[in-house]
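Notes to accompany the following structure.
Taken together, the values in this text are just the output of simple stated rules run on the coordinates, not laboratory data. Everything numeric here is computed off the predicted structure, so don't read it as measured data. Counting neighbours? That spans all protein chains shown, and the Cβs are built from the backbone with ideal geometry, glycine included.
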Amino acid sequence: MKDVFILIDVETDGPCPVKNSMLSLGAAAFVHNSERPIDTFEANLERLPGAVEDPATMAWWGKNMEAYERTRTYLEEPGAAMKRFSKWLDKLPVQGKRVAACFPAGFDFTYVYVYSHLFLGESPLGFSAIDIKSYAMRQLFKPYSECTKRNFPKAWFDPKFVHTHVAVDDAIEQGVMFIRMLNS
């Protein structure tokens, strides 16, 4: 059995789960030998009751209004979205261990992990995730601070994918990059 990599990207209204809200969750499932996702997931979530918007994050969204507006369409209650996400994971058409991967894992996976526990009582992806930036550090033999996308080899990117800040688009873009990293 092979690992199934679940590339996750979230869009939020601030840096802290529960204090702030996850606005959008995007995921793309990949296997190690293909740059095409086997399936994708996306959900735009209603804000958490009592959560607040972070002013700095909202100022950033003000410069990215098209992407922000995409996070505010077809809203779902957070619990319903997380249940749908868990069912999506269970129905993936491959066998193998599901492994979360994010850029950066400390942000995206934390939101998914916290929301999973809040609304599902457990995390369908366990408690760990591959941090793509850390993996790049190992691949490039460079300090963590130098492992930014602008310093990655061009061969790791597919020019047809642009980072849009639409969660599912970014999950696919980062998934292709991660698969190329794995196979380089």
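For segment 114-127, taking the residues that are of a type in the set (S, T, Y) and free of Cβ contacts under 8 Å to residues at least 60 places away in the same chain, the one that is farthest from N33 (Cα to Cα) is identified as S116.
Cβ separations smaller than 8 Å between residues 6+ apart or across chains give the following pairs from segment 82-100 residues that are hydroxyl-bearing (S, T, Y) to residues that are assigned to a helix (DSSP H, G or I) and surrounded by 13 or more Cβ atoms within 10 Å (Cβ to Cβ): S86/S116; S86/L120.
Only one of the listed residues (A81, A171) is in contact with a Leu (Cβ under 8 Å, 6 or more places away or on another chain), closer than 18 Å to S34 by Cα, surrounded by 14 or more Cβ atoms within 10 Å (Cβ to Cβ) and not polar (S, T, N, Q). That residue is A171. A count restricted to segment 130-148 and to residues that are of a type in the set (F, W, Y) and outside any helix (DSSP H, G or I) stands at 1. M137 passes every criterion in (1) within 27 Å of T57 (Cα to Cα); (2) of a type in the set (A, V, I, L, M); (3) in contact with a Phe, Trp or Tyr (Cβ under 8 Å, 6 or more places away or on another chain) apart from (1).
Residues of segment 114-129 that are over 15 Å from A29 (Cβ atoms), in a loop (DSSP other than H, G, I, E, B) and out of contact with any His (no Cβ under 8 Å at 6 or more places or on another chain): G121, E122, G126, F127, S128.
Taken together, the residues in segment 10-40 that are within 18 Å of A101 (Cβ to Cβ) and either charged (D, E, K, R) or out of contact with any Ser or Thr (no Cβ under 6 Å at 6 or more places or on another chain) (or both) amount to 17.
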